[in-house]
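Take a look at the structure set out below.
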Amino acid sequence: MTTIWVAFMLAFFVSVGATFIVIRLAWSLGVVDEPDGFRKVHQRATPRLGGLAIYVGFAVPIAALMAFRGLSQVSFVVLHSTRQLTWLFVGSTLTLALGVMDDVYDLKAGWKLVWQILIGTVMYFCGFSINSISNPFGVPFSLGIFSLPVSVFWFVGCMNAVNLLDGLDGLAAGMTLFVGLTMFLVSLHFKSVLGMLLMACLSGATLGFLVFNFPPARIFLGDSGSMLLGFSIAALSLVGASRKAEAGVALFIPVVALGLPILDTFLAIVRRWYKRLPIATPDREHIHHALIAMGYSQRRVVLTLYVICVVLGLAALLITFGRNEMVLFVIGALVVTGFVCVRIFSGVRFSDVLVKLSEDKERRDRAAEARFAVDRAVHQMPNAETLEGLWDLCSGVFEALELDYAHLALYAADGREMSAKTWHGANHGLAAAEDVEIDGWSCRLGLRESDRAHGELVVGQRLERYLVLPELPDLLDRVREAMAGQIARLEPLKQSADESR
């Protein structure tokens with residue numbers, strides 16, 4: 001324990017010094033986070049790149065134990081785990097590099113997700129895999145072929161959960177500190193020396209950074225820090241996982257200890273899905289934003305969420321050390337608490353979710369019917385022998401697309417309007433395109449083939465309609481292209497028929 005305590009203190013002091021240097025480095029490079037007056041609650045520009053300091057603080061004690069082999073018994077444990085530690089630092093370095101790139105160049109969410117998946121895949125093939133899901137009440141569940149996707153999801157989920165929680169000074173770093181201390185006690189319970197050492201180094205490095213990050217912060221984690229902390233929790237929770245699996249609580253402990261960021265991430269996904277927003281869209285509705293909106297100061301919100309992290313950590317320890325009855329009680333309490341938090345902080349009622357699910361199913365069914373109608377009409381258009389027959393086929397498509405109005409105007413070669421056809425949806429009572437433009441929307445589609453303008457198709461829909469198909473523009477474009485080609489084919493036949501008369 002003496003060596004582990006020294007490693008914790010060394011990580012702390014190295015992290016303090018490294019953070020002091022990184023602050024000046026970030027200012028000199030211009031890597032600072034500017035306030036935006038909306039989602040970001042800080043009042044002045046603050047440097048980022050906090051992940052660099054935490055990385056150095058975490059690495060130095062482990063490197064010292066590897067360099068001085070006869071220092072203590074812990075050194076021999078580190079040497080016997082050289083391969084595992086090497087791949088741990090490979091993954092940490094890749095995650096840090098990704099975060100630094102994002103801090104400097106503000107990468108798109110899609111690219112970050114791709115690289116996070118690649119990092120999770122690399123860690124899986126390097127031995128950091130989840131082969132079974134623990135069952136506190138019995139035998140663990142074997143994952144089999146699902147081990148790879150579950151392991152990758154674990155890494156990606158942890159990285160993004162901590163990243164999403166990093167919205168207030170000291171919040172994500174403090175949360176990681178409490179999770180690290182919880183996992184340290186779990187490792188102590190299972191006598192995992194390597195797990196104790198790594199958790200002590202992570203906790204010491206995080207605490208050293210927190211000296212400068214606690215509100216008012218002089219430096220932010222940035223994506224380099226938040227993703228690195230998330231990765232560290234994901235990877236270190238798998239160190240010695242076989243022993244924990246034998247005890248029946250392997251990954252259940254870090255999941256409970258990470259309850260706050262997991263809940264916040266879940267609420268963000270539900271909230272953005274309900275509002276039909278991309279998952280990566282930033283907003284001001286996270287748990288900490290909601291507490292600030294209630295009138296609490298940043299410092300009070302952070303301290304309140306720290307207390308929640310401590311309570312979740314104690315719950316994780318009760319699950320580890322308790323009997324089945326205690327485990328069942330703690331899980332039940334967590335489920336009830338989670339349900340209440342979802343109701344309070346998500347802004348979405350359970351009935352709203354059911355309505356949204358029903359609307360989504362209805363939209364998918366309507367979209368499938370519309371695609372089928374367009375495919376059938378496009379396939380049958382070459383068989384049409386007259387413009388009237390072609391228009392009849394298109395009328396069925398307009399009905400399937402739930403349009404209210406369609407008007408076709410055909411032009412002669414000199415640009416004069418040659419003929420026109422109009423379609424109205426059933427029981428809509430529209431007399432002209434102007435009605436749609438006043439009460440809804442309309443769209444004009446040019447019908448061209450081989451640089452020749454054959455006419456124009458105007459379609460519209462009333463604003464009374466709801467659940468407008470997102471696929472409508474693409475489906476209308478397919479109809480337009482097919483109509484233009486068939487009108488070019490039918491016009492010579494129509495002209496011949498007129499001349500014969």
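The values are calculated or read from the model by the stated rules, or taken from the named source; none is laboratory data. Small disclaimer: the values here were computed from a predicted structure and weren't measured. Every residue, glycine among them, receives a Cβ derived from its backbone with ideal geometry; neighbour counts consider all protein chains shown.
Some observations on this one:
- Any chance residue 220 is at pLDDT below 70, touching a helix residue (DSSP H, G or I) at 6+ places or on another chain (Cβ under 7 Å) and crowded, with 17+ Cβ neighbours inside 10 Å: no
- The sole residue among 99, 127 that is within 30 Å of residue 34 (Cα to Cα) and either in the same structural domain as residue 159 (by TED's automatic domain parsing) or crowded, with 16+ Cβ neighbours inside 10 Å (or both) is 99.
- Boolean, residue 436 is assigned to a helix (DSSP H, G or I), farther than 21 Å from residue 393 by Cα and modelled with pLDDT under 80: yes
- Test: residue in segment 75-98 that is assigned to a helix (DSSP H, G or I), closer than 25 Å to residue 164 by Cβ and in contact with a Lys or Arg (Cβ under 9 Å, 6 or more places away or on another chain): yes
- Residue, modelled with the highest pLDDT, within segment 445-473, restricted to residues that are surrounded by 12 or more Cβ atoms within 10 Å (Cβ to Cβ) and charged (D, E, K, R): 456
- Checking residue 296 against (1) buried (at least 17 other Cβ atoms within 10 Å of the Cβ); (2) at pLDDT 70 or above; (3) in a loop (DSSP other than H, G, I, E, B), the condition it does not meet: (1)
- Matching entry among 137, 178 (being closer than 27 Å to residue 319 by Cα and either in a loop (DSSP other than H, G, I, E, B) or at pLDDT 90 or above (or both)): 137
- Residue check, residue 153 under 17 Å from residue 56 (Cα atoms), in a helix (DSSP H, G or I) and at pLDDT 90 or above: no
- Residue 107 being in contact with a helix residue (DSSP H, G or I) (Cβ under 9 Å, 6 or more places away or on another chain), free of Cβ contacts under 8 Å to residues at least 24 places away in the same chain and assigned by TED's automatic domain parsing to the domain that holds residue 212: yes
- Odd one out for residue 362 among (1) modelled with pLDDT under 85; (2) in a helix (DSSP H, G or I); (3) in the same structural domain as residue 444 (by TED's automatic domain parsing): (3)
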